[in-house]
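**Q** Before I ask anything, here is the structure I am working with.
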Amino acid sequence: MLFIIINDSDEKYVTRIFNKYKIGFRFVVNGMGTASGSLLDYFGLNQEDKTVMNVIVSSRLCKCLLNDLIEKGRFNEHGKGIAFSIPLSSATKYMVDFYGNQELEDIDMEEVNQHLIVTIVNVGNAEKVMTEAKKVGAGGGTTLSGRGLSNEKLIKFLNIAIEPEKDVVLILVPDEKREVVMKSIIDTLGLKTPGAGICFSLPVDYVAGLHKQMDE
């Protein structure tokens, strides 16, 4: 699963890269940047409104896409966006056959030691999540809007009031910061309490637009 987070105005050139490889599996949602003003200025991400694009691709195709985003989309420049991929354990046969038949050039890319922290909380709590994450070293994140689907009988039985609207906060952090960031979010927002929200992390295998800039 490849995540691409860009300013709204840059969606067209990313779409052209998708079309080059005839990618039909894509999901686009609107997001909101949560990085601090100084960090936004540093990366050149002055717009708060974001487009979050998701595509499911093979590992080889993922490397080709990230390479094109760096070379043609100039993701190694400030303000052009951030992209990262998360390995999936399985996919439908149609997708496996589709990508397995593509002729692609092998590209060597450096694997990175990053994790994606996903926090799902009741609407209005995204700012609290980012505040706590920044206190312990997170740089910024992206907030998506969602809604929960719950079993009404279970809610009545447990007497839990669950808000249907949700804030989904995505934060990319190095491995050494993952545990402390998650602990800060969970403890401060009371996520050990039923109905308060959940927080989990996913391994990231490749990154474009962030790793080089953080090194610098």
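Read-outs: derived from the displayed coordinates by stated rules, not from any lab. It should be emphasised that the depicted structure is a prediction, and the values quoted were computed from it without experimental measurement. Quick reminder, even Gly has a Cβ in these numbers, built from the backbone with ideal geometry, and neighbours come from all protein chains shown.
**Q** Can you flag which of LYS20/LYS128; LYS22/LYS183; LYS80/LYS135; LYS50/LYS177; LYS50/LYS183; LYS12/LYS166 are past 31 Å Cα-Cα?
**A** In this structure, LYS20/LYS128; LYS22/LYS183 exceed 31 Å between Cα atoms.
**Q** Give the separation of the Cα centroids, segment 51-88 to segment 170-203, in Å.
**A** 25 Å
**Q** So for each of 189-201, 120-132 I average, over its residues, the number of other beta carbons within 10 Å; can you give me the resulting order with the highest mean first?
**A** 120-132, 189-201
**Q** Whose amide H sits under 5 Å from the amide H of GLY141, counting only residues 5 or more places off or on another chain, with H placed in the peptide plane?
**A** Those lying under 5 Å, H to H, from GLY141 are THR34, ALA35.
**Q** I would also like to ask the following. Go through segment 67-77 residue by residue and turn each phi into a ³J(HN,Hα) via Karplus (6.51, -1.76, 1.60, θ = phi - 60°); whole Hz please, and just put x for glycine and proline.
**A** 5, 5, 5, 6, 7, 9, x, 6, 5, 7, 9
**Q** I'd like the Karplus ³J(HN,Hα) series for segment 81-86: coefficients 6.51, -1.76, 1.60, θ = phi - 60°, whole numbers in Hz, and an x wherever there's a Gly or Pro.
**A** Going residue by residue, I get x, 9, 9, 8, 10, 10 Hz, with x marking Gly and Pro.
**Q** Separate question: Fully extended, how many nm does the chain gain between GLU176 and ASP8 (0.36 nm per residue separation, minus their Cα-Cα distance)?
**A** 57.3 nm
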